[in-house]
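Working notes, beginning with the structure itself.
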Amino acid sequence: MSVVEVRQAAKTYLMGQIKVTALKGVDLTVEGGEFMALAGPSGSGKTTLLNLIGGFEKPTSGSVRVKGTDLAATSADALASLRARQMGFVFQNFNLLPVLTALENVEYPLLLSDKFSASRHRDLARQALERVGLSGHLLHRPMEMSGGQRQRVAIARAIVVEPDIILADEPTANLDHTTGEEILRLMKDINRVSKTTFIFSTHDQKIMDMADRVVRLLDGAFVEGA
Amino acid sequence: MMTLTIAIRNIFRHRTRTLITLFTIAFGCVAIIFVHGFFEDALREMRDSYIKAITGHLQVCKRGAFDKGFARPLDYIIDAPKDIISLIEKTPGVRVTSSRLVFSGLMSTGENSVSFLGQGVEPQKEQSVICRSSEDFIKLMRDRSFDKPDVGGVTIESGDSLEAKDTYSAILGKGLAKNLDIKPGDSIVLLTNTVGGSINAVDAKAKGIFYTGAKAFDDIALRVPLSTAQTLLRTEGVNNIVVRLFKTEDTQRVKELLEKAFKVHSWDLEIRTWDEMSDFYTKTKMLFYQQLFILEFVMTVVVLLSIFSTMNMAVLERTSEIGTIMALGTKRRGVIKLFMYEGLVLGIIGGLLGMGAGWVVIKMVSTIGIPMPPAPGMTFNWISQPDAPAKTYVLVFFLSVVAGLVSSIFPAYKASRLEIATALRGNA
């Protein structure tokens, strides 16, 4: 069953007086449980496509559906609820909240989702951190952890609500190659065990090689794999 | 709970900036508390001076005397005051009463004459305070009680005060004495109409010069023993019974009790409270409170702008974090809540610090005392001992919290309207 359906999605930005086209009417279907890479050079439209799928912004034309919901026709609050319940996010810069500990960072999405009772939140966050190998860093703040550890916390934060889909924008770009591979292996392992759909962007060939499917973008259009 | 945790921790991320903001809030609170305490003290000083020297807490007169009696005081004589005084003195809360015979006339030194407002008083019940040294003055200023068993309260600047055995003696208000260049020991002639309508005059000796808190009173007033006034006016009655209470706060309650009692006895009497008779005090109080309101307004705006600046800076610095929490599923109202909490927490902490610091400052200044020049309408220097009431502390805390909330509304709204994708890139 497809979890993501992108139909003729185009995105144009207005930079001052100039129109810049980031996506040129792309079509994409992602099936449940896929481990898919969006590849392409900088400016090819990878992040824009992930932003559309995540509901961070709406397409200028065309449609994006996640689990059957048309994101363009959904209110901001309903989109927030959809993200809290059904999506996880991993960012290039980790984007952890610096004032919270690792455990609190992972617990945060649970507070936004009504999937689990409040009494289980702490335990679920702890389990997620154990799963990414950070059981010894529960009370560390992001500034006290390495880049790889921070990205593991971010992955724990993404998986803790047991989402249907995890979007990762260049998750290894700020990590050294070995750490990047470890992170990808971790994501792959979660995908294999939990059947969670992963869509991640990268321009690292070795990382691409670990994906089930690679969709290549160039200048806002698919050139391979869609 | 997590939102509040994040809000509190965010506040202390930039300690220097937060400390400056908290200091600004606390400083605003201290300024309001101090000025409020200072004004309250000045007003209390003024009020007590009026009560002690001029009005007492209550005055009882024949009906109509308060409105028409100034021009014709002799039309409102209470011929048999004994039973009335006895009833008043038995009323709970009443400390003492003193009968007065108020009249007006001309005072002459032989060469010059001026009009005066005379008060025939019972010297034993209206003990004057002699104050000729700085020690006497400080003692007088520190005495805020109504514990002494007298009504009195004029302060003798030179000469002596009236005594029970005195007959043809008078003490003169500072301004009145200055007008005719009268010194203690000088002879004066008091000329007035009697109750019967004829003219009468007595020779008297200026025994002392007094002052009160009210310049207007000191410029026209003199006091003679009640018996002298009665002889001069050819009456055995009085036209004014001054009532001193144990506590100023009981004024209204005692007034109501007396009014009921007078009604039972069918006595056609009227009662005025000290504040009804102290028009100048009431107007000064309004003026002080208006000034205080302006100060409160200015300080609240300063605090508001300070918190606004901090919150606005926070939104700019944390754009990426705002994008992250919205990406994770935080709704716009959740973002507003987060920043409103931060403003609220700043307001609460700043308000608490301000209340504490204000209390310490007030206590310190009050212990030392500030020598002050005469307040409006007063004739003597005084020592300010600021003492803000509890409601002032509540007010500054409330203002601080409201300022915290109000100043964070716009930054919070601005944060909640950020586009997620743009915010994630760190652009506001």
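For A:M15, the criteria (1) within 22 Å of A:F200 (Cβ to Cβ); (2) within 13 Å of chain B (Cβ to nearest Cβ) hold in every case but one, which is (1).
Can you name the helices (runs of 4 or more DSSP H) wholly within segment B:221-294 that have at least 2 residues being among the charged types (D, E, K, R)?
Working: elements: B:226-233, B:251-264, B:274-277.
Of the helices (runs of 4 or more DSSP H) lying wholly inside segment B:221-294, those with at least 2 residues that are among the charged types (D, E, K, R) span B:251-264, B:274-277.
Scanning segment B:363-381 turns up at least one residue that is modelled with pLDDT of 90 or more, over 23 Å from B:S49 (Cβ atoms) and in a helix (DSSP H, G or I).
Looking at segment B:318-335, which of its residues are within 7 Å of chain A (Cβ to nearest Cβ) and outside any helix (DSSP H, G or I)? Answer for segment B:318-335, where residues must be within 7 Å of chain A (Cβ to nearest Cβ) and outside any helix (DSSP H, G or I): B:L328, B:G329, B:T330, B:K331. Condition check: at pLDDT below 90, in a helix (DSSP H, G or I) and within 30 Å of A:L50 (Cα to Cα). Does B:V303 satisfy that? So B:V303 does not fit the description; no. Inspection of segment A:60-72 finds no residue satisfying the criterion of being at the interface with chain B (Cβ under 10 Å from one of its Cβ atoms), in contact with an Asp or Glu (Cβ under 9 Å, 6 or more places away or on another chain) and either closer than 20 Å to A:V160 by Cα or part of a helix (DSSP H, G or I) (or both). Is it true that some residue in segment A:99-115 is outside any helix (DSSP H, G or I), within 27 Å of A:G180 (Cα to Cα), in contact (Cβ under 8 Å) with a residue 40 or more places away in the chain and within 9 Å of chain B (Cβ to nearest Cβ)? For segment A:99-115, residues outside any helix (DSSP H, G or I), within 27 Å of A:G180 (Cα to Cα), in contact (Cβ under 8 Å) with a residue 40 or more places away in the chain and within 9 Å of chain B (Cβ to nearest Cβ): present.
Whether any residue in segment B:170-184 is more than 30 Å from the chain's Cα centre (by Cα), surrounded by 18 or more Cβ atoms within 10 Å (Cβ to Cβ) and free of Cβ contacts under 8 Å to residues at least 60 places away in the same chain is what I want to check. Within segment B:170-184 (the criterion being more than 30 Å from the chain's Cα centre (by Cα), surrounded by 18 or more Cβ atoms within 10 Å (Cβ to Cβ) and free of Cβ contacts under 8 Å to residues at least 60 places away in the same chain), the answer is yes, since at least one residue qualifies. Under 24 Å from the mean Cα position of the chain (by Cα), at pLDDT below 95 and either within 13 Å of another protein chain (Cβ to nearest Cβ) or surrounded by 17 or more Cβ atoms within 10 Å (Cβ to Cβ) (or both), is that true of B:V345? Considered against the rule, which asks whether it is under 24 Å from the mean Cα position of the chain (by Cα), at pLDDT below 95 and either within 13 Å of another protein chain (Cβ to nearest Cβ) or surrounded by 17 or more Cβ atoms within 10 Å (Cβ to Cβ) (or both), B:V345 comes out as no.
Only one entry of B:K331, B:K363, B:K260 meets the criterion of being free of Cβ contacts under 8 Å to residues at least 60 places away in the same chain and not assigned by TED's automatic domain parsing to the domain that holds B:R417, and that entry is B:K260.
Checking A:L175 against (1) within 11 Å of chain B (Cβ to nearest Cβ); (2) touching a helix residue (DSSP H, G or I) at 6+ places or on another chain (Cβ under 7 Å), only one condition comes out false. Which one? Result: A:L175 fails condition (1) only. In this entry, A:T74 is excluded by the filter for residues that are β-branched (V, I, T) and touching a Ser or Thr at 6+ places or on another chain (Cβ under 7 Å).
Selection of segment B:42-68 for residues being more than 17 Å from the chain's Cα centre (by Cα) and surrounded by fewer than 19 Cβ atoms within 10 Å (Cβ to Cβ) yields B:R63, B:G64, B:F66, B:D67, B:K68. Residue count for segment B:405-421, restricted to those that are within 14 Å of chain A (Cβ to nearest Cβ) and out of contact with any Phe, Trp or Tyr (no Cβ under 9 Å at 6 or more places or on another chain): 2. The residue that is modelled with the highest pLDDT, counting only those in segment B:41-66 that are of a type in the set (D, E, K, R) and touching a helix residue (DSSP H, G or I) at 6+ places or on another chain (Cβ under 7 Å), is B:K62. Just so you know, in segment A:83-96 the residues that are touching a helix residue (DSSP H, G or I) at 6+ places or on another chain (Cβ under 8 Å) and in a helix (DSSP H, G or I) include one that is farthest from the other protein chains (Cβ to nearest Cβ), and it is A:R83.
Within the set B:T273, B:T248, the sole residue that is modelled with pLDDT of 90 or more and of a type in the set (S, T, Y) turns out to be B:T273. Of all residues in segment A:3-22, those that are within 15 Å of A:G55 (Cβ to Cβ) and in contact with a Leu (Cβ under 8 Å, 6 or more places away or on another chain) total 5. When residues in segment B:186-203 are screened for being under 13 Å from B:G159 (Cβ atoms) and part of a strand (DSSP E or B), 1 of them pass. Does A:P171 qualify as being in contact with a Gly (Cβ under 6 Å, 6 or more places away or on another chain), surrounded by 17 or more Cβ atoms within 10 Å (Cβ to Cβ) and not aromatic (F, W, Y)? In short, no. Of all residues in segment A:116-143, exactly one satisfies the criterion of being modelled with pLDDT under 90 and within 11 Å of chain B (Cβ to nearest Cβ), namely A:A118.
The values are calculated or read from the model by the stated rules, or taken from the named source; none is laboratory data. All of these numbers come straight from a predicted model, not from anything done at the bench. As a convention, Cβ positions derive from the backbone with ideal geometry for all residues, glycine included, and neighbour counts pool all protein chains shown.
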